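The values are calculated or read from the model by the stated rules, or taken from the named source; none is laboratory data. Just so it is clear, the structure is predicted and the values come from calculations on it, not from any experiment. All Cβ positions, even for glycine, are placed from backbone atoms using ideal geometry, and neighbour counts span all protein chains on display.
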Amino acid sequence: TAGAVVSAVSIGLGVIVMAILIAILVPAIAAAREGAAEATMKMKMTQLSSALRTYELDNGRLPTEEELPQALDMHLGMPAEELMYVPGTNERILAFNRALFRQHATSYWNTVVLFECRPGSPVIGGEELVPDEPRFRRGYLVLYGDGRCESVSRDELLRGLRSSR
């Protein structure tokens, strides 16, 4: 009976320790998954930017809105649309800044090129596509013409899209 009490206490302590470990590990695993998904999306944004830059170098100009899908597909060697989806889902969450294709400036280094949009939005657009909440905890994903890929606040994203007009 004393052995049974010790055994019950040991089991109880084991359950408490396991609960504490699970409470610590579950948020850490979730954060790691989110970080990996965010890093993957940033890598995809960089690939899309590189294809856009290559098109520009080859042709001396950016593609028009109409030329964009085919131009990117050709320079990526795959459908660009595939890079605009969240890994493991069928949600496209990236859009190109419409103002980029309306500019006649030769430099767009500080211009928002790609940004996080509402799932299912058109491939090209502006402020109207910005979701109410970012997909990732750090903020909205934005890629600038100079290749910087950052997480920004909603206000920073909207300001960047407005300044591109």
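One line per residue, one yes/no per condition, for (1) at pLDDT below 85; (2) more than 30 Å from Arg137 (Cα to Cα); (3) hydrophobic (A, V, I, L, M, F, W, C); (4) surrounded by 11 or more Cβ atoms within 10 Å (Cβ to Cβ):
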position	(1), (2), (3), (4)
Val6	yes, yes, yes, no
Gly12	yes, yes, no, no
Leu21	no, no, yes, no
Gly35	no, no, no, yes
Lys42	no, no, no, yes
Asp58	no, yes, no, yes
Glu81	yes, no, no, yes
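Tell me, yes or no, whether the range 65-77 has at least one residue that is surrounded by 15 or more Cβ atoms within 10 Å (Cβ to Cβ) and in contact with an Asp or Glu (Cβ under 6 Å, 6 or more places away or on another chain).
So far as the range 65-77 goes, no, none of its residues is surrounded by 15 or more Cβ atoms within 10 Å (Cβ to Cβ) and in contact with an Asp or Glu (Cβ under 6 Å, 6 or more places away or on another chain).
Hey, Val113 hits all of (1) in a loop (DSSP other than H, G, I, E, B); (2) modelled with pLDDT of 85 or more; (3) among the β-branched types (Val, Ile, Thr) but one; which does it fall short on?
The failed condition is (1).
Out of all the residues in the range 123-132, which are in contact with a strand residue (DSSP E or B) (Cβ under 9 Å, 6 or more places away or on another chain) and modelled with pLDDT of 90 or more?
Filtering the range 123-132 for residues in contact with a strand residue (DSSP E or B) (Cβ under 9 Å, 6 or more places away or on another chain) gives 123-126, 129-131.
Within the range 123-132, Ile124, Gly125, Gly126, Leu129, Val130, Pro131 qualify.
With part of a helix (DSSP H, G or I) and either touching a helix residue (DSSP H, G or I) at 6+ places or on another chain (Cβ under 6 Å) or free of Cβ contacts under 8 Å to residues at least 60 places away in the same chain (or both) as the only criterion, which of Thr89, Thr40, Thr64, Thr46 stands out?
Numbers: Thr89 fails: part of a helix (DSSP H, G or I); Thr64 fails: part of a helix (DSSP H, G or I); Thr46 fails: either touching a helix residue (DSSP H, G or I) at 6+ places or on another chain (Cβ under 6 Å) or free of Cβ contacts under 8 Å to residues at least 60 places away in the same chain (or both).
Of Thr89, Thr40, Thr64, Thr46, the one residue that is part of a helix (DSSP H, G or I) and either touching a helix residue (DSSP H, G or I) at 6+ places or on another chain (Cβ under 6 Å) or free of Cβ contacts under 8 Å to residues at least 60 places away in the same chain (or both) is Thr40.
Can you tell me how many residues in the range 118-165 are crowded, with 19+ Cβ neighbours inside 10 Å, closer than 24 Å to Asn90 by Cβ and hydroxyl-bearing (Ser, Thr, Tyr)?
Summing the residues that are crowded, with 19+ Cβ neighbours inside 10 Å, closer than 24 Å to Asn90 by Cβ and hydroxyl-bearing (Ser, Thr, Tyr) in the range 118-165 gives 1.
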